[in-house]
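What follows is a single structure, written as structure tokens, with notes after it.
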Amino acid sequence: MDNRVIAFLIVSLLIIVGYDYLMKELGYLPSSTSEEQTSIDSVTQAPLEVQKEETPTMANASSEKDKDSTRSSAGVMGSHARPAAGSERVVRVETELYKADLSSRGGVIKAWELTQYTTAVDSDAPPVQLVYKTAQFPGPLSLRLPDSAVTKELQEGDYEVEQDVSRLDAARPTGRLTFRYRNEQSGLQVEKVLTFHYDSYLVDVAIKLQGVAGPVDVGLGANFGIVEWGEGFIGLIGPASLVDDKIEKDTPSTESERTGNVVWAALQDKYFMSVLIPRQASAVLVKKELDKVVSTSVRMPIPPSGGVVEARLYAGPKQYDTLRDFHIGLEDTIDFGWFIYGSWGFVKMVAKPLFAVLRTINEVTQNFGLTIILLTVALKLLFAPLQYKAYKSMKDMQLIQPKVAAVQEKFKDDRERLNKELISLYRDHKVNPVGGCLPMLLQMPVFVALFNILYMTIDLRQAPFMLWVKDLSVPDPYYVLPIIMGGTMVIQQKIMPTTMDPTQAKVMLVLPVMLTFLFLTFPAGLVLYWLTNNTLTIVQQFVTDRYLFKRPA
């Protein structure tokens, strides 16, 4: 390996490490200062505190049923009385999966807590809140029409609320919540009917409008479904949509409109998302409201004679099986195909069955850390023949290196003669100079696919391993795993056959140091995989060199 190869490896690593920083400096990725992140986090977490202060619980609602004329939720329809001007009524729908608060002010979602997911591994950590709490932007399921005055009226007006059940379970599997708005003078009438299901994050939405000219934009609100605007190594945070069979995930600099056959529009982060799936829509509108705040809506035609506009709303985790069962490509928001600077189909083809194997093993172990170790061992055994060929090729190259150096010195001024002599030398000794690289290239899609799986999937979120590693989706808090991994890289480099001189070998020791610093920020599950793979490689090289590889005469 000459100096140019060494320089290439170091420059390549610097590009990988500095890619995010460079993209931010060029303006292609949003910057993330500590102040901005603190601001976003504080606003995102605000719903949990504001809800306690502003949102009446069901117990309070029942204690004030004389004021609201609210009946019991045991199957009797609620009051049809319209709230007094300036008042706001908040109703709650609870299932085993979430608690949703909805407001009569605009008939929108005010809070959406996922009861199965918490913000931290601590037992007293609050549940994940999907609604971005701010009065600055219209909430989820807000309506916008071509007439701005009508839009303001519908977004700020008080709706009549009718609720048939507040707590859903197996005995009461579905519940309906209806918002009605009427303006007798203009003839404007709006009715939103939301149907909830006790065992699903999916909500059926039916909107009937009369006395207005369409189309109508049904909004997902701002950052609904984005819990944390993290800038990870893989994946995009923000809007996503499927229009004309093409998925778009970019956040516009100001606003954008995609026209065509709209299948769905979503707001997403690494682990959670909200999705609007219209029955019929002509466009998806995305607007960057603030830094790290984006809103999206779906433009839907209003059928003649006051017809009904229908859609489905999903607000929950990015569980692969759940999204795949919609059969509309939502599972592709989990980017299993990432490779270098884009998403590659062949990596995705490898990742999906590998992900199924990972979950199958975990059903037995019930510990994703142990599952990662077992899967890495299985992959190492699967690729052992290829790695043996690579190791043998490198050993053979090491043995003839003195002859190679002599030929290079002899014909250093004749490039054409040098190439011919080297080819002849390799042929005489039956050595392939690229034999050590080809087996590694064949394994690369599997390694990259597993990298994506361990980095992207919600299955590892807050999944414990052992001792201090209580969450495999976040970096090791004490940096033990990355430091040990760096040590295994040094050992691996020392025992790996090489054609470098001692000076070059010392230069290459920079790589483990740089990669160790890089892996300090990687999730613990990913570092555990890399550490296990390095350890097995060291064992394999020792066994091969000691018992399998025979030094040629």
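Values for this structure:
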| quantity | calculated |
| --- | --- |
| Sulfur and carbon atoms: percent of accessible area, segment 325-458 [1.4 Å] | 64 percent |
| Per residue value of the accessible surface for segment 93-183 (all protein chains in place, 1.4 Å probe), Å² | 40 Å² |
| Alpha carbon convex hull of segment 300-364, volume per residue in cubic angstrom | 138 Å³ |
| Positive minus negative residues near Ala171 (Lys, Arg vs Asp, Glu; Cβ under 15 Å) | -3 |
| Quotient of Cα Rg and 2.2 N^0.38 Å for segment 110-249, N being how many residues it contains | 1.25 |
| Contour excess over end-to-end distance, with Cα ends at Gln401 and Ser186 and 0.36 nm allotted per residue | 68.4 nm |
| Proximal charge balance of Ile495 [Cβ under 12 Å; K/R count +1, D/E count -1] | +2 |
| Accessible area in square angstrom per residue, segment 277-362, 1.4 angstrom probe | 42 Å² |
| Segment 374-436 pair-distance distribution - Cα-Cα, 10 Å bins, rounded % | 21, 38, 22, 12, 7, 0 |
| Rg and Dmax [Cα atoms of segment 332-413; Å; Rg one decimal, Dmax integer] | 20.7, 63 |
| Carbon plus sulfur fraction of accessible area for segment 117-250, probe 1.4 Å, in percent | 45 percent |
| When the convex hull of its Cα atoms is projected in every direction, mean area for segment 185-301 (nm²) | 8.9 nm² |
| Dipole axis of segment 109-157 (+1 Lys, Arg; -1 Asp, Glu on Cβ), positive-most option in Ala125, Leu143, Trp112 | Leu143 |
| Accessible area expressed per residue, segment 369-461, with surrounding protein chains retained (probe 1.4 Å, Å²) | 54 Å² |
| Residue-count net charge about Tyr198 - beta-carbon cut-off 11 Å; Lys, Arg +1, Asp, Glu -1 | -2 |
| Share of carbon and sulfur in the accessible heavy-atom surface of segment 266-317 [1.4 Å probe, %] | 50 percent |
| Inter-site label distance for Lys420 and Phe517 at 7 Å from Cα along Cβ, in nm | 4.8 nm |
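The values are calculated or read from the model by the stated rules, or taken from the named source; none is laboratory data. What you see is a predicted model, and the numbers here were worked out from it, not measured in a lab. No Cβ is skipped: glycine too gets one built from the backbone with ideal geometry, and neighbour counts run over all protein chains shown. Note: accessible area is taken over every heavy atom of the protein model, side chains too, but ligands, DNA and RNA are not part of it. Shrake-Rupley method; radii C 1.70, N 1.55, O 1.52, S 1.80 Å.
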